[in-house]
Amino acid sequence: RNQRICQQNTMFQVYADVLSAASHAPNRLPRSVLEDVADDFAARHVQLKSKFSRCCIKRQRRRKCKSRKLRLGLKLGEGYSGDVYSAVEMKNGGTVALKFVSNLPAFIAEKRALEAVDHPNVIKLRASDDIPEGIPKRLKQRLLVLDYCSNGDLFSVLKQGRLPESIARAYSSQLFKAIAACHRAQRFHRDIKPENILMANDWSLRLADFGFASGTLVVKDAQSCGTPTYMAPEFFQSSIASDLSSADVWSAGVVTFFLVYGVPPVERATSACWLYKKIQAGEWKDFWRAHDKGVSFSVSQASKEFLQKLLQPAASQRPSADTVLSDPWFDHP
């Protein structure tokens, strides 16, 4: 009996060594497969293995798990497509953002968009092998591992008030560069707003939250997409086919207006809104007079003319994102 126990202990030690070597090999088997083998081995020899042998294998398992796990942190926010948490990489101490997407179409849309677009001002999707093994399999299927933006979103910045025109120009330029990159990749965001624009560690912008993104330029019914204050006027008219690239330009125009004035230009782009009716009628003097009334700052005529180009009621009259970037407004100091 003692001889058999010694043989089994030796087998367990050998198996532990093989398990450790296999986990570090270039073409290692998945951890789940190795653990299944280990569990099966242990079950068949449970009466003979010693306490030392059990501890040896458990220690090997703990070491492997710890080296690859993420430690879940605080909840950063929530939205239409899911909740976002911070997480620390146990291996190197770096911080990432974990987005658990509950809506399957939103997950597919966002994943495809982020895989298609590679730009400094678009949130980056991490490689799939960065997904931690400590996350349950059912959640992995709808988990996006993203770059962490430590300074919140643009809306939290704008809650403190408007930005100087020079900073507004810089941020508007970054936003339109991100949009132009998306459009060149045939990805149309459809929900551009300050809450979906993140502030990176260096305070540069990252366009995020592509849950409504589409790979089709023209759609017939887009009323269910986006946030009313930032939606293009054609989205409120179900009989009109919407050009999604022009709709993104309108939304970015609303965001740029928000940067300059500290408030959106209209409550929503419908005839029920008095300010939008002024835009529709081309009565820009009345529109600007209403926004300039009672404010303690002045906005340059160059900024107003630039915003008028973006906030055209007819989609066909709005410039493309690439054309916007060549506007002389961005050359001002």
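The values are calculated or read from the model by the stated rules, or taken from the named source; none is laboratory data. Predicted, not measured: the structure shown is a model, and the values here were computed from it. Please note: Cβ atoms are built from the backbone with ideal geometry, for glycine as well, and neighbour counts cover all protein chains shown.
Side notes on the structure shown:
- Test: residue in the range 256-268 that is assigned by the TED database to the domain that holds residue 165, loosely packed, with under 15 Cβ neighbours inside 10 Å, of a type outside the set (Asp, Glu) and within 30 Å of the chain's Cα centre (by Cα): yes
- Residue match in the range 228-245 (condition: part of a loop (DSSP other than H, G, I, E, B) and modelled with pLDDT of 90 or more): yes
- Looking only at residues of the range 193-210 that are among the hydrophobic types (A, V, I, L, M, F, W, C), assigned to a loop (DSSP other than H, G, I, E, B) and under 14 Å from the mean Cα position of the chain (by Cα), we find that the one that is nearest to residue 119 (Cα to Cα) is 208.
- Listed by first and then second residue, the pairs with beta-carbon distance under 6 Å, at least 6 apart or on different chains, first residue in the range 162-181 and under 18 Å from residue 319 (Cβ atoms), second of a type in the set (Phe, Trp, Tyr), are 169/330; 173/330.
- Candidate set from the range 269-308 (those that are modelled with pLDDT under 95 and among the β-branched types (Val, Ile, Thr)); member that is nearest to the chain's Cα centre (by Cα): 270
- Evaluation of residue 312 against the conditions (1) farther than 27 Å from residue 174 by Cα; (2) in a loop (DSSP other than H, G, I, E, B) shows that the sole unmet condition is (1).
- Subset tally (residues that are without any contact (Cβ under 8 Å) to a residue 40 or more places away in the chain and farther than 17 Å from residue 126 by Cβ) for the range 66-98: 6
- Residue 323 modelled with pLDDT of 95 or more and under 24 Å from the mean Cα position of the chain (by Cα): no
- Among the residues of the range 81-101, those that are of a type outside the set (D, E, K, R) and part of a strand (DSSP E or B) comprise 82, 84, 85, 86, 87, 88, 95, 96, 97, 98, 100, 101.
- For the range 276-309, the set of residues classified as buried (at least 16 other Cβ atoms within 10 Å of the Cβ) and either of a type in the set (A, V, I, L, M, F, W, C) or in a loop (DSSP other than H, G, I, E, B) (or both) consists of 279, 287, 288, 299, 306, 307, listed by residue number.
- Checking 138, 184 one by one, the residue that is at pLDDT below 95 and surrounded by fewer than 18 Cβ atoms within 10 Å (Cβ to Cβ) is 138 and no other.
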